[in-house]
Amino acid sequence: MMILNILDQSPVVEGSTFTDALNNTIELAKKADEWGYKRYWVAEHHSSNSFAGTAPEILIGKLCSETKNLKCGSGGVLISHYAPFKIAEQFRTLEALYPGRIDLGIGRAPGGDKSIITALKSDLGGFEKTDELMNFFDDKGIAKSNPQIERNPELWILGTSPDSALYAAKKGLRYCFGSFINDEHRQMALQAYYTNFQPSKYLKEPYVNIAVVCLAADSQNEADKLAKSSEYWLAQTFLLNKNIKFPTYETAVNHKFSIEEQFLINYRRNSVFIGKSNEVKDKLTDFVKKIAAHELTIVTITEHQQDRLRSYELLANEFGINKNKT
């Protein structure tokens, strides 16, 4: 049976508030718990009008308190901004409160522009800081990170480049490739990971999670319609560098896309999964087999929360993970 996860960036839609977005995240997590998803990761972005998730270490605790079985975690904590000692203590506290349910995904991206690096007083030493974090988890750091617990949170390296994959491989850690961000280097990254993996006390064999954009509906036409919002957002943010909320369908459908915008959307369509639920399931299954991934993490953004919930429920039903299906 396919292991399905959710990555939720807490998207903010035109006409809604940041509080609405965070409440939507809580609602989706509770549904995901019922539908049989394994992991629920929340992201870290800063000074963004698009995403409300800025502090995964806080949101994770709330999600665990509202669910029973989900493994909740960061997708990810942007380690370049923080002291590894503090991250160790935050996530050990979460693990102490919710044993066996905490994932710590580590990313190196800044999660914003140069102003964020300045505001957070970052030094951007991603790999070095991850080494330091593992030392604190092993109680080998310059200080003792508390609380002392039976086992540490499950550690993941997140990335979209061969560099991050190679680091995860040499340290013997789990690796999640963010195809939803940029799929360009997927083949090279996964090849680097599988080829260079070294067994460790954390992991005996390579273990890969792939995170993709996916939108399932009752028909292809409906799915294409629901995708308009995120496609408009993609064009506006990646090409024009606009810091905007996710648009309504009306805003998106009334926009006259330039040749450059349409080219970007068509290009991204090659690495996303949008369509009728059973067809999306078949394509995802083939995709996961092709790249030898062990888990699949899904990113879905729509204008309306109910459409997003429906997409995740349809996939849970298609893959047979939803034990509550009637």
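What follows is calculated from the coordinates using simple rules that are stated; it is not laboratory data. Since this is a predicted model, take the numbers as computed values, not measurements. Every residue, glycine as well, gets a Cβ built from its backbone with ideal geometry; the counts of neighbours run over all protein chains shown.
At most 13 other Cβ atoms within 10 Å and a DSSP loop assignment: could you name the GluC sites (Glu not before Pro) in the range 157-239 that fit?
Taking the range 157-239 and a limit of 13 other Cβ atoms within 10 Å, the loop GluC sites (Glu not before Pro) found are Glu184.
Taking 0.36 nm per intervening residue step and subtracting the Cα-Cα distance, what contour gain separates Val253 from Lys30 on full extension?
Roughly 77.1 nm would be gained on extension.
Given 0.36 nm per residue, what is the gain on full extension from Ser65 to Lys144 after removing their alpha carbon distance, in nm?
Contour length minus Cα-Cα distance gives 25.7 nm.
Which angle between 0 and 90 degrees, to the nearest 10, do you get for helix 305-318 versus the longest principal axis of the chain when only C-alpha atoms count?
For helix 305-318, the angle is close to 80 degrees.
Compute the helix-to-body angle for 220-238: its Cα long axis versus the longest principal axis of the chain, expressed 0 to 90° and rounded to tens.
Helix 220-238 sits at roughly 60 degrees to that axis.
³J(HN,Hα) across the range 279-295 via Karplus (A = 6.51, B = -1.76, C = 1.60, θ = phi - 60°), whole Hz, x for Gly/Pro?
6, 5, 4, 5, 5, 5, 4, 5, 4, 5, 5, 4, 9, 6, 7, 9, 9
Order the peptides 312-319, 36-43 from the highest to the lowest mean number of other Cβ atoms within 10 Å of their residues. Numbers along the way, then the final one.
On the way: 312-319: 21.5, 36-43: 25.2.
The densest-packed peptide leads the list: 36-43, 312-319.
Taking the simple approach of a point 7 Å from Cα along Cα-to-Cβ for both Asn23 and Gln306, what is their distance in nm?
Output for this residue pair reads 1.6 nm.
Report the rotationally averaged projected area of the chain based on its alpha-carbon convex hull, in square nanometres.
Seen from a random direction, the Cα hull of the chain projects 16.1 nm² on average.
Once you have the Kirkwood Rh of the range 202-268 from its Cα pairs, apply Stokes-Einstein at 10 °C and 1.306 mPa s and quote D in µm²/s.
The diffusion coefficient I find is 115 µm²/s.
Once both labels are modelled 7 Å past Cα along the beta-carbon direction, what's the Asp123-Arg151 spacing in nm?
It works out to 3.3 nm between the two label points.
With r as the distance between the Cβ atoms of Phe263 and Met1 and R0 = 41 Å, compute the FRET efficiency 1/(1 + (r/R0)^6) and round to 0.05. List each step's numbers first, then the result.
Details: r = 38 Å, r/R0 = 0.93.
The formula returns an efficiency of 0.60 here.
Taking the 0 to 90 degree range and rounding to the nearest ten, how far is the long axis of helix 186-196 tilted relative to the main principal axis of the chain, both from C-alpha atoms?
20
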